[in-house]
Structure formats: structure tokens, C-alpha cells
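Remarks on the structure that follows.
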């Protein structure tokens, strides 16, 4: 089973790549047409995206931060994450 899935954007123009974040417990998506320009290795079972991805939620003055790299099917959480998996590397689960 794949670690990520290709999903049509709401406007049906282009796609995003979605995966379940084990730290946040929700899906995060990567838009290859957005900014920054991400590079994807097109491997749904052992995905890699560059550069690092940052997801911010919550209030601006106290946001929840999930900042990570996805490299050959591993998700590497960076030190500025505000969740319990910061500075940890784990395998992306099938989704």
C-alpha cells in the first residue's frame, strides 16, 4: 500500500500529494505548483520531497508547528516542531 496519495485540488486544476502525519494525527498535503517549489521523487511507496515542509495551525501568536523532511519513506521531524515527535525520524505508515 502507498504512503501517500495523489488528490485532485478543489478547483480540479492540478494535484496535491497527501499523507497522514503521525505527529498531528491529520493529513498534510504538498502542492508541487505552490510556493515553495517542491521536488517529488514520484515514488508513492518511498516518497521524498524537497525542501522541508512546514505546517502551521492555531493562533498566530502561539501556533502549532509541524516542520519535517520526507526522505525515502521516512519522516524526519525538525527541532522547531511543537509536538512530541520533534527531533525524531520515523517510517511513514501506509495510508
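Bear in mind that the values in this text are calculations on the coordinates, not laboratory data. The shown structure was predicted, so the numbers you read here are calculated from the model rather than taken from an experiment. Cβ atoms come from the backbone with ideal geometry, glycine included; neighbour counts cover every protein chain shown.
From most to least packed by mean Cβ count within 10 Å, the peptides 14-23, 47-56 give 14-23, 47-56.
Straightening the chain between residue 72 and residue 45 buys 8.9 nm, computed as 0.36 nm per residue apart minus the Cα-Cα spacing.
Projected over all directions and averaged, the alpha-carbon convex hull of segment 5-91 occupies 5.9 nm².
Note on residue 35 and residue 79: with the Förster distance fixed at 30 Å, the Cβ-Cβ geometry gives a FRET efficiency of about 0.80. If you run the Gaussian network model on the chain, springs between alpha carbon atoms under 10 Å, then out of 61, 43, 12 the most flexible one is 61.
Spin-label model, residue 13/residue 90: points 7 Å from Cα along the beta carbon direction are separated by 3.8 nm.
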